[in-house]
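Right, one structure below, let's go through it.
Every number in this text was worked out from the coordinates using simple rules, so none of it is lab data. Note that the coordinates shown come from a computational prediction; the quantities given were computed from them, not determined experimentally. Cβ placement follows ideal geometry from the backbone for every residue including glycine, while neighbour counts extend to all protein chains displayed.
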Amino acid sequence: MVATSSAKITLPTDEQILITREFTAPRHLVYRAWTTPELVKRWWAGHRGTTTDVELDLRPGGRWRYVIRANPGFEVAFHGEYREVVPDEKIVYTVVFEGADPLPEADVPVDTVTFTALDGDRTVVHLLTQTTSKELRDVILESGMEVGMQEQMTIIEELANSLR
């Protein structure tokens, strides 16, 4: 199945980034593609490299860590902790970019992902990134994240549909 839409980025406040994407796949399959380590390995890097490591302990207090190899010798890693997990509905977790100067725990961005079922086996995903400052929000936006995120969302839709 071909991807039918692009993710839209809005800025609800000076400290938030909201990504909204509709998928032509059932909610439980989008959630499964989003949360299954073997599947995350296939989409996390988008088309920009290879995901070499996925550690995922999907429960409140559980930790996650993903590593991407973009070029020979160049790796990028992210990690965080799950704060809330409601299967097929919602995931809340912190996001730490391991290549940046460490932020105080209180300043680490928090992502909230919600999965909403629509008629006709479609799903809307809202990914809200909450930062503690406009400056941090803008650093994230200016990182080039939009191109990679669009690639990720397209791959997630393809994976979810392959699970039917």
Computed ³J(HN,Hα) along the stretch 130-142: with the Karplus parameters 6.51/-1.76/1.60, θ = phi - 60°, integer Hz and x for glycine or proline, the list is 9, 9, 9, 7, 5, 4, 5, 4, 5, 4, 4, 4, 7
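How would you rank F23, F115, going from fewest to most other Cβ atoms within 10 Å of each one's own Cβ? Mind showing how you got there, number by number?
Working: F23 27, F115 21.
Ranked by crowding around the Cβ, least crowded first: F115, F23.
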Extension length gain for N71 and D121 (0.36 nm per residue less Cα distance), in nm, is 14.3 nm
In sequence order, what are the phi-derived ³J(HN,Hα) couplings for the stretch 57-73 according to the Karplus relation 6.51 cos²θ - 1.76 cosθ + 1.60 with θ = phi - 60°, rounded to whole Hz, with x for glycine and proline? 10, 7, 6, x, x, x, 10, 9, 7, 10, 10, 10, 9, 8, 9, x, x
Potential lengthening between I140 and D107 on full extension [0.36 nm per residue; Cα-Cα distance subtracted]: 10.5 nm
Which whole-number percent is the relative contact order of the chain (Cα, under 8 Å, 6+ apart)? 29 percent
Where labels lie 7 Å past Cα in the beta-carbon direction, separation of L163 and R83 in nm: 2.5 nm
For the chain, with the dipole built from +1 on Lys and Arg beta-carbon atoms and -1 on Asp and Glu ones, taken about the Cα centre, which of S143, Y66, N161 lies farthest toward the positive end? N161
Integer Hz, Karplus 6.51/-1.76/1.60 couplings in order for the stretch 143-148, x for Gly and Pro: 6, x, 4, 5, 5, x
